1. Please give the number of the condition residue 41 fails out of (1) touching a strand residue (DSSP E or B) at 6+ places or on another chain (Cβ under 6 Å); (2) assigned to a helix (DSSP H, G or I); (3) at pLDDT 90 or above; (4) under 22 Å from residue 196 (Cβ atoms).
2. Tell me, yes or no, whether the range 89-97 has at least one residue that is surrounded by fewer than 16 Cβ atoms within 10 Å (Cβ to Cβ) and assigned to a loop (DSSP other than H, G, I, E, B).
3. So, of the residues in the range 173-186 that are in contact with a strand residue (DSSP E or B) (Cβ under 8 Å, 6 or more places away or on another chain) and modelled with pLDDT of 90 or more, which turns out to be surrounded by the fewest Cβ atoms within 10 Å (Cβ to Cβ)?
4. Could you check how many residues of the range 44-64 are assigned to a loop (DSSP other than H, G, I, E, B), touching a Gly at 6+ places or on another chain (Cβ under 8 Å) and within 18 Å of residue 106 (Cα to Cα)?
5. State yes or no: is residue 166 surrounded by 15 or more Cβ atoms within 10 Å (Cβ to Cβ), touching a residue at least 60 places away in the same chain (Cβ under 8 Å) and not hydroxyl-bearing (Ser, Thr, Tyr)?
6. Tell me, yes or no, whether the range 114-135 has at least one residue that is in a loop (DSSP other than H, G, I, E, B), touching a strand residue (DSSP E or B) at 6+ places or on another chain (Cβ under 6 Å), modelled with pLDDT of 85 or more and charged (D, E, K, R).
7. Confirm whether residue 97 is more than 20 Å from residue 129 (Cβ to Cβ), of a type in the set (A, V, I, L, M, F, W, C) and modelled with pLDDT of 90 or more.
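The values are calculated or read from the model by the stated rules, or taken from the named source; none is laboratory data. Model, not experiment: these values are computed from the prediction. Every residue, glycine among them, receives a Cβ derived from its backbone with ideal geometry; neighbour counts consider all protein chains shown.
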Amino acid sequence: MSAGKEYTKKELKEYISDYTAVTVPINVTFDGKQKILSMPQVERILRASRIIAITDCQCRARVKRCDAPVDVCLSIDDEAKEKVRNGDGKKVTLTEALAALKRSYEAGLVHVAYANRGDRKLIYICSCCSCCCYSFAAMQKFGFNDAVMSSEMVAVQDDNLCNDCGDCADRCHFKARMIKGDHLIFEREKCSGCGLCVTSCPSRAISLVSR
């Protein structure tokens, strides 16, 4: 895939200032700006939504630095109605939305919830990558460390089961897992709690626990 237009520092700062996170009334609490979500959390949010619309990821459509799925971002409720009315999204069933999430999860994307700043209502659940998405770029390229807030979950590892294969490191967007020499190094403080490492571990050495 040919590269597209990269984000500037000014653009990223403006985007980050436009969005915040909210408390969702399904026992999922958000604190800060964007919130990393695990797959079960995303499913609970969608099941509680009145309407869901699927849209293209504007970040990957713009930057074009990977071949991850584009048509996997989800709008819910009033935002979904607006997207469908404007022709920017397609109304989908819960089954279709969950299928899109499964496809994005298998592609190694991280689910992130967005809400407009000053509004407590969740509007988007996006499937993000560190090579294209603006919030990750803001954090990794320009040091906006609060651009993406970690989930209330964190990974733990059973070193007796880990075989240092590195599969989890390949899936980690936050550089919490790296192979150094012949050994896997896990830096817990960098873990977002997204859970991608859990499903990629062939020896089942990783699990998520409450942070």
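1. In the conditions (1) touching a strand residue (DSSP E or B) at 6+ places or on another chain (Cβ under 6 Å); (2) assigned to a helix (DSSP H, G or I); (3) at pLDDT 90 or above; (4) under 22 Å from residue 196 (Cβ atoms), residue 41 misses (3) alone.
2. Checked against the condition, which is being surrounded by fewer than 16 Cβ atoms within 10 Å (Cβ to Cβ) and assigned to a loop (DSSP other than H, G, I, E, B), the range 89-97 yields at least one hit.
3. The initial filter retains those residues of the range 173-186 that are in contact with a strand residue (DSSP E or B) (Cβ under 8 Å, 6 or more places away or on another chain), namely 173, 176-179, 184-186.
Narrowing further to those that are modelled with pLDDT of 90 or more: 176-179, 184-186.
Working: 176: 21, 177: 24, 178: 15, 179: 14, 184: 20, 185: 12, 186: 19.
Checked the range 173-186; the qualifying residue surrounded by the fewest Cβ atoms within 10 Å (Cβ to Cβ) is 185.
4. Quick first cut of the range 44-64, residues assigned to a loop (DSSP other than H, G, I, E, B) only: 48-51, 56-57, 64.
Narrowing the set further to residues that are touching a Gly at 6+ places or on another chain (Cβ under 8 Å) leaves 64.
Filter once more, so that each one left must be within 18 Å of residue 106 (Cα to Cα): none.
Residues in the range 44-64 being assigned to a loop (DSSP other than H, G, I, E, B), touching a Gly at 6+ places or on another chain (Cβ under 8 Å) and within 18 Å of residue 106 (Cα to Cα): 0 in total.
5. On the way: surrounded by 15 or more Cβ atoms within 10 Å (Cβ to Cβ): yes; touching a residue at least 60 places away in the same chain (Cβ under 8 Å): no; not hydroxyl-bearing (Ser, Thr, Tyr): yes.
So residue 166 fails the test.
6. Within the range 114-135, none of the residues are in a loop (DSSP other than H, G, I, E, B), touching a strand residue (DSSP E or B) at 6+ places or on another chain (Cβ under 6 Å), modelled with pLDDT of 85 or more and charged (D, E, K, R).
7. Numbers: more than 20 Å from residue 129 (Cβ to Cβ): no; of a type in the set (A, V, I, L, M, F, W, C): yes; modelled with pLDDT of 90 or more: yes.
Judged against the criteria, residue 97 is not a match.
Each row is one residue, and each column tells you yes or no for (1) assigned by TED's automatic domain parsing to the domain that holds residue 131; (2) part of a loop (DSSP other than H, G, I, E, B); (3) over 16 Å from the mean Cα position of the chain (by Cα).
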{"site": "160", "(1), (2), (3)": "no, yes, yes"}
{"site": "163", "(1), (2), (3)": "no, yes, yes"}
{"site": "175", "(1), (2), (3)": "no, yes, no"}
{"site": "178", "(1), (2), (3)": "no, no, yes"}
{"site": "184", "(1), (2), (3)": "no, no, yes"}
{"site": "194", "(1), (2), (3)": "no, yes, no"}
{"site": "197", "(1), (2), (3)": "no, no, no"}
{"site": "203", "(1), (2), (3)": "no, yes, yes"}
